[in-house]
């Protein structure tokens, strides 16, 4: 049986939100309590249908990373451009007016480690200072307070599709979490070798 932790209290639970099928709660009371913060995400994911990607959320006020669904649509840089890319809807996690959401791509274990055989990236708000974002407690927890940089606000981890910078595929928590953690630990501590 698939279990996740209740979004309110962290207790293991097998009850899922019937709308998005990603949020877990141990009681109906906790689901009702969380509805105000969960509603926008739930409705957006439900409306996106099968145009969602699984990503790892390193939540700013959470202690454990969890899977979330990111809605996307095919888009073009220019209207008459034949090339498309996956435009991700990350506004729920980055709602600030002055946000500067940026991806950071990597394909190695840590900074200079062996090739992962796949590309990973994470999105973060580079204007965290201007937006007054809090230190990311989840990254602090998973790195044992050993992160080489003070990441602030939410961070979303994704898997790149065939090392493309324009397309993504579902992240695999079992395979991809540890490389993200290693990267967070080594970032700003280890000089990259090019």
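The values are calculated or read from the model by the stated rules, or taken from the named source; none is laboratory data. Remember, predicted model here, so these are calculated numbers, not experimental data. Glycine also receives a Cβ, built like all others from the backbone with ideal geometry; neighbour counts cover every protein chain displayed.
Annotations
- Of all residues in the range 25-35, those satisfying the criterion of being at pLDDT 85 or above and buried (at least 16 other Cβ atoms within 10 Å of the Cβ) are 25, 26, 30, 31.
- Subset of the range 129-161 [without any contact (Cβ under 8 Å) to a residue 12 or more places away in the chain and either under 20 Å from residue 109 (Cβ atoms) or in a loop (DSSP other than H, G, I, E, B) (or both)]: 132, 144, 145, 161
- Pick from the range 36-82, criterion touching a residue at least 24 places away in the same chain (Cβ under 8 Å) and assigned to a loop (DSSP other than H, G, I, E, B), ranking: surrounded by the fewest Cβ atoms within 10 Å (Cβ to Cβ): 61
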